[in-house]
Structure formats: structure tokens, C-alpha cells
Amino acid sequence: MITVHNFSDGLVNPLLGYMISCLGAFLGLRCVTRSSYYQGLARARWLAIAATAIGAAGIWAMHFIAMLGFTIPGQQISYNVPVTIASMLIAIAVVGVGLFIVGFGDGGPPRLLAGGLIVGIGVATMHYLGMSAMVMPDSMSYRPPLFVLSVVIAVVAGTAALWIGTWVRGIGATVGASLVMGAAVSGMHYTGMAAMRVYPGAMPGMQGASGGSFLLPLVLGISVITFVLTIIISLSPNEDEIRDDAEFRIRLETLQRRAD
């Protein structure tokens, strides 16, 4: 079996990945909170933004920032671009499905469990699809116990994230929840990495781009997503304003009915 290094740059990659995961989770949870004050298409828009924040920044970006610290001595690792992009789209899609299941329901246990299962299996699929995007001279396999444990962590984390989204409201609570979600995503990733075994033997031939060539687009992409979401949330009404507006509309409709 070949020796691999998950922390070739020390704690830089895991800490940066954790920070980005927490940021994506924070922005996503704020969008989920906003969605609860709307109905129909407006709610769907907020949930879609939340899915993008959590899936792309909170999960996918964390994975590939951490992967930039993964090296095999004496070897060059590259990544198949289409497979890598597909893994990001899967992360966004499964988070979106889970959020819509819970966001347009009563938030009860059946919906939470169904949504959490979909999100968890989807996140695990994203992780291992991202791993399969690696192009290197060797082959890899996974230790079954740690592989299963990583999937269990993903399902638990996905369910917990959806559950948190049903009740978290204030900034302080959202920050705390984001820190927990970031730890869960990081824990799932490194459990999956611990399950991996690399041994001599050529992988199926694929074209790939070097890990370094992903860093600048990744950082720029995260920066743009963060900036856009921050602007959207800053310009949109806060929770108190939304509540006051809803109450005003109800009073206005009541007065109109009485006048008729």
C-alpha cells in the first residue's frame, strides 16, 4: 500500500476548508430562516439560494480545499474537470431536495428523516465521486467500516442540518449551528479520506487538470457566491420587518373585508 498525506500543507487546508464550510452553512441557514416568512415561489427562491450556499460553499468547496492538501510523495495528482463539476451539482441538488421536502412541509420527523437520508447519501455520493475524479498513476479502494461510517456521518449531519433549519432564527444561534455543521462536514470528509487505500496499479485513463489550477477558480467562485448572497441578505427585509409587513397586510385585509 502506498503512503499518502492528507495534511501536506499542515493545518492550512483543514482550517480553511472548515471556515468556508461554516460560512456556507451560515449563509444557507440565514436564507432558510428568511424562507420561513414567505410562501410559494418566494419561499422556493430563498430555499434555492440556501441550497447553493450550503451545497457549493458549505460542502463542495470544503471538500476540494481539503483535497488540495492531499498528496502522494513523488506523484502528480490531477482532477477530471467534468466529474468534479458533476460532484458540485450533486451537492447543490441533494441539499435543495432536502430543503424543499422540509421547507414545504410541516417539519415533522418523517420529512426530516426522508430529507436527511437524501441529503446524507447525496453528500456521500458527492465525496466519493469527487475522489473518483482524481487522475493519478495508482489505484484506490476503501476500507468498508470507515466507508460506512462516513456515510452514516453524512446522513446524521444532513438530518441535523435540516432540523436546525426548522428552528434556528437569531444570528448567535445561526453562528453556533454553522460551527457544528462545518465540523460535521469536515468530519465526514476526513473519515472518508481515512477509509481510502492507495496501491500500485493504473487507474482508468482520464484527462485532468492539476490541483493548483482549481485553487484560483475555487476561491474566486466562493468569493462571488459569498458576496452575492451577502448583498441579497443585506438588501432584503429582516425577520422583524417581514413579520411586521405580514401583520400589516393581515390588518389591511381585515379592514377591507369589514368595509365591504
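Couple of notes before you dig in:
- Members of the stretch 59-82 found to be among the hydrophobic types (A, V, I, L, M, F, W, C), closer than 18 Å to residue 213 by Cβ and either surrounded by fewer than 17 Cβ atoms within 10 Å (Cβ to Cβ) or within 17 Å of the chain's Cα centre (by Cα) (or both), listed by number: 60, 61, 64, 65, 66, 67, 81
- Residue satisfying condition, being modelled with pLDDT under 90 and within 15 Å of the chain's Cα centre (by Cα), within set 155, 180: 180
- Filter result for residue 98 (crowded, with 17+ Cβ neighbours inside 10 Å, within 15 Å of the chain's Cα centre (by Cα) and more than 23 Å from residue 217 (Cα to Cα)): yes
- Criterion violated by residue 136 - all others in (1) open to solvent by 10 Å² or more (accessible area, probe 1.4 Å); (2) under 17 Å from the mean Cα position of the chain (by Cα); (3) over 30 Å from residue 37 (Cβ atoms) satisfied: (2)
- Within the stretch 67-82, the presence of at least one residue that is of a type outside the set (Gly, Ala, Ser) and free of Cβ contacts under 8 Å to residues at least 24 places away in the same chain is confirmed.
- Flag for residue 6 being open to solvent by 10 Å² or more (accessible area, probe 1.4 Å), modelled with pLDDT of 85 or more and more than 14 Å from the chain's Cα centre (by Cα): no
- Restricting attention to the stretch 58-95, the residues that are out of contact with any helix residue (DSSP H, G or I) (no Cβ under 8 Å at 6 or more places or on another chain) and hydrophobic (A, V, I, L, M, F, W, C) total 4.
- Within the stretch 92-121, residues that are at negative phi have Cβ atoms under 7 Å from residues that are among the hydroxyl-bearing types (Ser, Thr, Tyr) and surrounded by 15 or more Cβ atoms within 10 Å (Cβ to Cβ) in these pairs: 92/52; 102/166; 103/35; 112/159; 113/159; 116/159; 120/159, counting only partners at least 6 apart in sequence or on another chain.
The values are calculated or read from the model by the stated rules, or taken from the named source; none is laboratory data. These figures come from a predicted structure and were not determined experimentally. Cβ sites come from the backbone with ideal geometry, for glycine too, and all protein chains shown count toward neighbours. Accessible surface is based on the protein model in full, side chains and every heavy atom, while ligands, DNA and RNA are left aside. Shrake-Rupley method; radii C 1.70, N 1.55, O 1.52, S 1.80 Å.
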